[in-house]
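Enquirer: Below you'll find the structure I mean.
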Amino acid sequence: QVQLVESGGGLVQTGGSLRLSCTASGLPFSSAVMGWFRQAPGKEREFAAGIRWSSSSARYADSVSGRFTISRDNAKNTVYLQMNSLKPEDPAVYSCAVRNGMGLTTVYREYNYWGQGTQVTVSA
């Protein structure tokens, strides 16, 4: 059974930083893409960043590029999202997801498994 467990969310001031973690277990496939998505109240879920397990290839949404960094530790089965220079438009529930395949897609429907999400709040 695939499980994704996120941690690291919380409250931070504008301009501050947070690091989210997502630990995966039970992955039935060796080639996969891990993604971070976010959803704010009243808005659609949107792609933030993604990375391939097998390489350092990463992809970012324009809205976070240059501020967020995705990385992975294969030995720990963990993917991280380092979020710097947080803005008032960044608060959301951030969820990690895994996709069986190599395509670094931004489409959430193409991801197979999801974590429960972690709340990120940014104060003025």
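The values are calculated or read from the model by the stated rules, or taken from the named source; none is laboratory data. Here the structure is a predicted model, which means the values were calculated and not measured. Cβ coordinates were reconstructed from backbone atoms using ideal geometry, including for glycine residues, and neighbour counts include every protein chain displayed. Areas reflect the complete protein model, heavy atoms only, side chains present, ligands, DNA and RNA absent. Shrake-Rupley method; radii C 1.70, N 1.55, O 1.52, S 1.80 Å.
Enquirer: Restricting attention to the range 67-92, which residues are within 13 Å of S17 (Cα to Cα) and open to solvent by 50 Å² or more (accessible area, probe 1.4 Å)?
Expert: Within the range 67-92, T69, Q82, N84, S85, K87, P88 meet the criteria.
Enquirer: Out of the residues in the range 32-85 that are of a type in the set (D, E) and either modelled with pLDDT under 95 or under 11 Å from the mean Cα position of the chain (by Cα) (or both), which is farthest from A97 (Cα to Cα)? Give the steps one after another, and end with the answer.
Expert: Residues of the range 32-85 that are of a type in the set (D, E), as a first pass: 44, 46, 62, 73.
Of the ones still in play, those that are also either modelled with pLDDT under 95 or under 11 Å from the mean Cα position of the chain (by Cα) (or both) are 46, 73.
Values: E46: 12, D73: 16 Å.
Result: D73.
Enquirer: All but one of (1) surrounded by fewer than 17 Cβ atoms within 10 Å (Cβ to Cβ); (2) at pLDDT 95 or above; (3) assigned to a loop (DSSP other than H, G, I, E, B) hold for R19; which doesn't?
Expert: If we test R19 against (1) surrounded by fewer than 17 Cβ atoms within 10 Å (Cβ to Cβ); (2) at pLDDT 95 or above; (3) assigned to a loop (DSSP other than H, G, I, E, B), just (3) comes out false.
Enquirer: Any residue in the range 61-79 that's within 17 Å of Q39 (Cβ to Cβ) and touching a residue at least 40 places away in the same chain (Cβ under 8 Å): show its pairings with residues that are open to solvent by less than 50 Å² (accessible area, probe 1.4 Å) and not charged (D, E, K, R) at Cβ separation under 9 Å, as long as the two are six or more apart or on different chains.
Expert: Correct list of pairs: A61/F47; A61/A48; A61/A49; A61/F68.
Enquirer: Which pairs turn up if I take residues in the range 109-124 that are at positive phi and look for partners that are open to solvent by less than 80 Å² (accessible area, probe 1.4 Å) with beta carbon separation below 6 Å, at least 6 apart in sequence or on another chain?
Expert: That search, which allows pairs on different chains as well, returns G117/V93; G117/S95.
Enquirer: Here's another thing I want to ask about it. Kindly evaluate S55 against the criterion of being without any contact (Cβ under 8 Å) to a residue 12 or more places away in the chain and open to solvent by 30 Å² or more (accessible area, probe 1.4 Å).
Expert: Details: without any contact (Cβ under 8 Å) to a residue 12 or more places away in the chain: yes; open to solvent by 30 Å² or more (accessible area, probe 1.4 Å): yes.
Yes, satisfied.
Enquirer: Within the range 93-115, how many residues turn out to be open to solvent by 60 Å² or more (accessible area, probe 1.4 Å) and either acidic (D, E) or touching a strand residue (DSSP E or B) at 6+ places or on another chain (Cβ under 7 Å) (or both)?
Expert: Going through the range 93-115 one residue at a time, the tally reaches 7.
Enquirer: Restricting attention to the range 108-117, which residues are part of a loop (DSSP other than H, G, I, E, B) and touching a Cys at 6+ places or on another chain (Cβ under 8 Å)?
Expert: G115
Enquirer: Which members of the range 3-27 meet the condition of being at positive phi and without any contact (Cβ under 8 Å) to a residue 60 or more places away in the chain?
Expert: G26
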